[in-house]
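What follows is one structure encoded as structure tokens, with my remarks underneath.
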Amino acid sequence: DSGVTQTPKHLITATGQRVTLRCSPRSGDLSVYWYQQSLDQGLQFLIQYYNGEERAKGNILERFSAQQFPDLHSELNLSSLELGDSALYFCASSPDRGNYGYTFGSGTRLTVV
Amino acid sequence: DAKTTQPPSMDCAEGRAANLPCNHSTISGNEYVYWYRQIHSQGPQYIIHGLKNNETNEMASLIITEDRKSSTLILPHATLRDTAVYYCIVRVRGTDKLIFGTGTRLQVFP
């Protein structure tokens, strides 16, 4: 157990639907990062939040959004889902600016049918 | 952003040292080198990081060349459980995000 909790572990949904992925960071960590890993692609950085505020943005689609709440947990919202959104979605956390490495969760496997 | 180049795959016999190279010739002076690994479809696992000095922890050693243009991750006694994809990453200057490349798929065989 890495200390980073992601729920749900698996999610199957239909095209056009909207889903929310949840991440609880390790205790004391202020930064949360979201990554997408498709079958034939590597880990793609999506977005980072630090203490409730957006810190960095990657190749995140406009259909995707995220936020970090006062208790530091984060949610990644995916809407108007397409088949190509099927992927593993990982959340990671770090104490501050990531100088000591990130701790990743075990991921949410999203399947869009 | 500094890019990294790694061999796509390597083999290593169990019990032997695994030496995984990484080229990062465009690295800037204040950019760190990080190593992560991903076993099957699990979440990536942090291994080690360094700036210019060699580093060692309970998992591995990191050797960075004096000109910082390349580095080597050393797993001193590889086990079957070390079979994974190993990522060498340069932390993007001025931001916190880590950009993962394609990594090296290490296969440890009996």
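The values are calculated or read from the model by the stated rules, or taken from the named source; none is laboratory data. For clarity, every value in this text was computed on a predicted model and none was experimentally measured. As a convention, Cβ positions derive from the backbone with ideal geometry for all residues, glycine included, and neighbour counts pool all protein chains shown.
For the reader, a short list of remarks on this structure follows.
- Count - residues of the range B:77-86 that are part of a loop (DSSP other than H, G, I, E, B) and either surrounded by fewer than 17 Cβ atoms within 10 Å (Cβ to Cβ) or touching a helix residue (DSSP H, G or I) at 6+ places or on another chain (Cβ under 9 Å) (or both): 2
- So B:N19, is it assigned to a strand (DSSP E or B), surrounded by fewer than 18 Cβ atoms within 10 Å (Cβ to Cβ) and out of contact with any helix residue (DSSP H, G or I) (no Cβ under 9 Å at 6 or more places or on another chain): yes
- Filtered by the rule that a residue be closer than 21 Å to B:S41 by Cβ and more than 14 Å from chain B (Cβ to nearest Cβ), the range A:8-45 gives A:P8, A:L11, A:I12, A:T13, A:V19, A:R22.
- From the list B:I74, B:I89, the one residue that fits, being crowded, with 21+ Cβ neighbours inside 10 Å and in a strand (DSSP E or B), is B:I89.
- Hits in the range B:50-71 (condition: in contact (Cβ under 8 Å) with a residue 24 or more places away in the chain, within 14 Å of another protein chain (Cβ to nearest Cβ) and assigned to a strand (DSSP E or B)): B:L62
- Residues of the range A:1-18 that are at pLDDT 95 or above and touching a Pro at 6+ places or on another chain (Cβ under 9 Å): A:V4, A:T5.
- A single entry from A:L110, A:L81, A:L72 fulfils the requirement of being crowded, with 16+ Cβ neighbours inside 10 Å, at pLDDT 95 or above, away from chain B (no Cβ under 12 Å) and part of a strand (DSSP E or B): A:L110.
- Put simply, of A:I47, A:I60 the only residue that is surrounded by 13 or more Cβ atoms within 10 Å (Cβ to Cβ) and assigned to a loop (DSSP other than H, G, I, E, B) is A:I60.
- The residue of the range A:1-23 that is farthest from A:L110 (Cα to Cα), among those that are outside any strand (DSSP E or B) and among the hydroxyl-bearing types (S, T, Y), is A:S2.
- Restricting the range B:94-110 to residues that are surrounded by 17 or more Cβ atoms within 10 Å (Cβ to Cβ), assigned to a strand (DSSP E or B) and of a type outside the set (S, T, N, Q), the residue that is nearest to the other protein chains (Cβ to nearest Cβ): B:L106
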